[in-house]
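Colleague: Before I ask anything, let me first share the structure, which is written out below as structure tokens.
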Amino acid sequence: MTDDIVLKYEYNDAEELARAYMSYVTEGGLFIQTTEEFKLGDIVHVLVNLPDDGDEIEFSGSIVWITPDKSKVMWFNPENTSDASSPPGVGVLLGGPQAPEVRTRIEKILEENPDLDQLTDTI
């Protein structure tokens, strides 16, 4: 895949953003819910709206995490619903010249909401 691949997502509130922010990734990352199929290392162009009423943010980054669409993965036990809360999607490394601005805006939103649940959509 090339950077012609565009992922768009809107984070509706700080809690959803907190679940998506991948602070444990060196440069920061963002989990984006999607059923599109990617490979680790694929480069994508991302357009996101954050819950701070600011302008849409765009950045390019590489895929560093994949949560498959469970409906497409045959080895999961349909009787086991313990992993049903993990939405399908990809984690994208915050890359390119816009990465510092993206990281700053995300971290500001999260700092303003210190009581958020620490659950994550990734690990």
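The values are calculated or read from the model by the stated rules, or taken from the named source; none is laboratory data. A quick note: this is a predicted structure, and the numbers were derived from the prediction, not measured. Glycine gets a Cβ as well: all are built from the backbone with ideal geometry, and neighbour counts include every protein chain shown.
Colleague: For Pro100, which of the numbered conditions (1) at pLDDT 95 or above; (2) part of a helix (DSSP H, G or I) fails to hold?
Modeller: Only one criterion in (1) at pLDDT 95 or above; (2) part of a helix (DSSP H, G or I) is unmet by Pro100, namely (1).
Colleague: Select from segment 10-50 the residues that are hydroxyl-bearing (Ser, Thr, Tyr) and farther than 12 Å from Gly89 by Cα and write down the one among them that is surrounded by the most Cβ atoms within 10 Å (Cβ to Cβ).
Modeller: The selected residue is Tyr21.
Colleague: Give segment 41-75 a look and list any residue that's of a type in the set (Asp, Glu) and either at pLDDT 95 or above or part of a strand (DSSP E or B) (or both), or say none.
Modeller: Those that are of a type in the set (Asp, Glu) and either at pLDDT 95 or above or part of a strand (DSSP E or B) (or both): Asp42, Glu58.
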